[in-house]
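My questions all concern the structure below.
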Amino acid sequence: MHVSRAESGGDPVGSRPAGAGPRSWYEASARQRLDLLLDPGSFAEFLAPPDRVVSPHLALFDLPHQFDDGIAVGRGRLGGRDVLVAAQEGRFMGGAFGEVHGAKLTGLVKAARDLASTPVLILFDTGGVRLQEANAGELAIAEIMRAVIEARAAGVPVVGLIGGRAGCYGGGGLIAACCSALVISEQGRIAVSGPEVIETNRGVEEFDSRDRALVWRTMGGKHRRLIGAAGTFVDDAVAAFRAAAIECIGENGAIDAAVLAAEQERLDTRVQRFGTMEDGLDIWAALGIPDPKSVPGMPAETFIPLADQFGVNGHDAR
Amino acid sequence: METLTIQLQAPQPARGRRAMAIVGVVGSGDLEVLAERVLAAEECHLEISTAIAGFGPVWQAVARDFVERRSPGGVRFSINDGGARPDIVAIRLAQAARLIEEDQPCT
């Protein structure tokens, strides 16, 4: 296996310029996120671009491949602690899972399971399974979910960070649901079926995918934090994700039958409380938020204490 | 897919000590450039893989201009193109050359 030092950047800002303002997680590439999230210079990549482990399928469709197949995996340090980390690049094929992309994440999480002590960070940025290699992608999702649960059963925290362009959709949403903790920003979205998929299958009366406000109050970061699907909400800044990730890898990520039962109960309660409601606004009102309409426009520093007061606590189960 | 190989002579070797650098993403209108210090000091090669066939002369012109300006001798540039315009190609090549010329050594 080729291991090489990270020395990358998606744009000219490959390293940290002095006096630079907060870097947006949403705007950053997968490699920039890794560079700024982890302790400086600590990332060592497995199957790095020079190894050219690319998709065997895309050329059949006359589509260009990418040298890392849209995911960078490796090890590094976070707040001085060893971590295993994977970052999806949402701008390559929508961050979608293909055969190689999926196998890289499966291998990483299985390594964490076998080490049984090194936390895993998954920087989700994905539309789900890559349609050109759908069978391999679907199998990869199942393998990754199994590996995540096995790693957690061995006591390893598996933390998902969500705030990229592609959101966290399809099989990515399923894997996220298996994680021990999720950190999300306002720009982040979690769902299985995306807005366009729902509209295509059920009609525009069911879900208007062009209504961005509707998309965000159904799947967006603030809503996911308020209903407890994500435990931690952060501002769209790499430093904020870093601070939250350091906290999450220090928590107990273990899963057993009791945790699973508590998680099932949490989800049952959610359906009972909110299952008949038509809109996110109704749910926020039911949570007791005084002026639900003000939530979408709220800056992070106002929203975070509000969510702590009224939101469902995401740490109850998982 | 069309693959192009452009082999040029560089008057100066690339500065710095990094073994490799990568910039860009294979997205619409963008490209990824992998720079590797694997050639003789006076050589510079570009290996291009693109779904947009028929633009060999444009790639040749951008490559010649880039090597003339930056002279990244000893470096092979491997490109996966997502349909980038020549100006984006020139910017990504310059970024890759600048990154591999940083002083931080590769271990």
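The values are calculated or read from the model by the stated rules, or taken from the named source; none is laboratory data. These figures come from a predicted structure and were not determined experimentally. As a convention, Cβ positions derive from the backbone with ideal geometry for all residues, glycine included, and neighbour counts pool all protein chains shown. Please note that ligands, DNA and RNA were not included when accessible areas were found on the heavy atoms of the full protein model with its side chains. Shrake-Rupley method; radii C 1.70, N 1.55, O 1.52, S 1.80 Å.
Considering only the range A:62-160, give the strands (runs of 3 or more DSSP E) lying wholly within it that have at least 1 residues that are open to solvent by 10 Å² or more (accessible area, probe 1.4 Å) and closer than 28 Å to B:ILE22 by Cα.
Those strands (runs of 3 or more DSSP E) span A:71-78, A:81-88.
Can I ask one more? Test B:GLN12 against the stated conditions and say whether it is over 25 Å from A:LEU58 (Cα atoms) and within 14 Å of another protein chain (Cβ to nearest Cβ).
Taking the combined requirement at face value, the residue does not satisfy it.
Then there's this: Identify all residues within the range A:88-102 that are within 12 Å of another protein chain (Cβ to nearest Cβ) and without any contact (Cβ under 8 Å) to a residue 60 or more places away in the chain; write none if there are none.
Answer for the range A:88-102, where residues must be within 12 Å of another protein chain (Cβ to nearest Cβ) and without any contact (Cβ under 8 Å) to a residue 60 or more places away in the chain: A:PHE92, A:MET93.
Looking at the structure I just gave you, is B:ALA97 of a type outside the set (Val, Ile, Thr), over 18 Å from B:LEU39 (Cα atoms) and within 12 Å of the chain's Cα centre (by Cα)?
No, not satisfied.
Can you give me the number of residues within the range B:56-67 that are touching a residue at least 40 places away in the same chain (Cβ under 8 Å), of a type in the set (A, V, I, L, M, F, W, C) and open to solvent by 10 Å² or more (accessible area, probe 1.4 Å)?
The qualifying residues number 1.
Return the only residue of B:VAL33, B:VAL38, B:VAL25 being touching a Lys or Arg at 6+ places or on another chain (Cβ under 7 Å) and open to solvent by 70 Å² or more (accessible area, probe 1.4 Å).
Answer to the check: B:VAL38.
Rundown of residues vs (1) open to solvent by less than 10 Å² (accessible area, probe 1.4 Å); (2) touching a Ser or Thr at 6+ places or on another chain (Cβ under 7 Å); (3) outside any strand (DSSP E or B); (4) at positive phi, yes/no style:
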residue: B:SER49; (1), (2), (3), (4): no, yes, no, no
residue: B:ALA53; (1), (2), (3), (4): no, no, yes, no
residue: B:ARG69; (1), (2), (3), (4): no, no, yes, no
residue: B:PHE77; (1), (2), (3), (4): yes, no, no, no
residue: B:ALA84; (1), (2), (3), (4): no, no, yes, no
residue: B:VAL89; (1), (2), (3), (4): yes, no, yes, no
residue: B:ARG92; (1), (2), (3), (4): no, no, yes, no
residue: B:GLN95; (1), (2), (3), (4): no, no, yes, no
residue: B:ASP103; (1), (2), (3), (4): no, no, yes, no
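Could you list, in sequence order, all residues of the range A:224-242 that are surrounded by 24 or more Cβ atoms within 10 Å (Cβ to Cβ), touching a helix residue (DSSP H, G or I) at 6+ places or on another chain (Cβ under 8 Å) and not in a loop (DSSP other than H, G, I, E, B)?
Those that are surrounded by 24 or more Cβ atoms within 10 Å (Cβ to Cβ), touching a helix residue (DSSP H, G or I) at 6+ places or on another chain (Cβ under 8 Å) and not in a loop (DSSP other than H, G, I, E, B): A:ARG225, A:LEU226, A:PHE233, A:VAL234, A:PHE241.
I need the full set of residues from the range A:76-124 which are on the phi > 0 side of the Ramachandran plot, of a type in the set (A, V, I, L, M) and more than 19 Å from the chain's Cα centre (by Cα), in order please.
Result: A:ALA116, single match.
Against the definition (modelled with pLDDT under 95 and not in a loop (DSSP other than H, G, I, E, B)), how does A:ALA59 come out, yes or no?
Yes; evaluated as a whole, the condition is true for this residue.
Would you be able to tell me the number of residues in the range B:66-85 that are within 11 Å of chain A (Cβ to nearest Cβ) and touching a Cys at 6+ places or on another chain (Cβ under 9 Å)?
Number of matching residues: 1.
Kindly indicate whether A:ALA176 is surrounded by fewer than 24 Cβ atoms within 10 Å (Cβ to Cβ) and in a helix (DSSP H, G or I).
The answer is no for A:ALA176.
Might you check whether a residue that is open to solvent by 70 Å² or more (accessible area, probe 1.4 Å) and either within 30 Å of A:SER117 (Cβ to Cβ) or not aromatic (Phe, Trp, Tyr) (or both) occurs anywhere in the range A:243-254?
Yes; the residues of the range A:243-254 include at least one that is open to solvent by 70 Å² or more (accessible area, probe 1.4 Å) and either within 30 Å of A:SER117 (Cβ to Cβ) or not aromatic (Phe, Trp, Tyr) (or both).
With the requirement that a residue be free of Cβ contacts under 8 Å to residues at least 12 places away in the same chain and among the acidic types (Asp, Glu), what does the range A:270-306 give you?
Those that are free of Cβ contacts under 8 Å to residues at least 12 places away in the same chain and among the acidic types (Asp, Glu): A:GLU278, A:ASP282, A:ASP291.
Which residues, taken from the range A:199-219, are closer than 16 Å to A:ALA166 by Cα, free of Cβ contacts under 8 Å to residues at least 40 places away in the same chain and buried (at least 20 other Cβ atoms within 10 Å of the Cβ)?
Correct list: A:VAL215 only.
Please enumerate the residues belonging to the range A:281-318 that are closer than 24 Å to A:CYS178 by Cβ and over 21 Å from the mean Cα position of the chain (by Cα).
A:ILE283
Out of the residues in the range A:261-318 that are at pLDDT below 95 and polar (S, T, N, Q), which is least open to solvent (accessible area, probe 1.4 Å)?
Across the range A:261-318, the extreme among qualifying residues is A:THR269.
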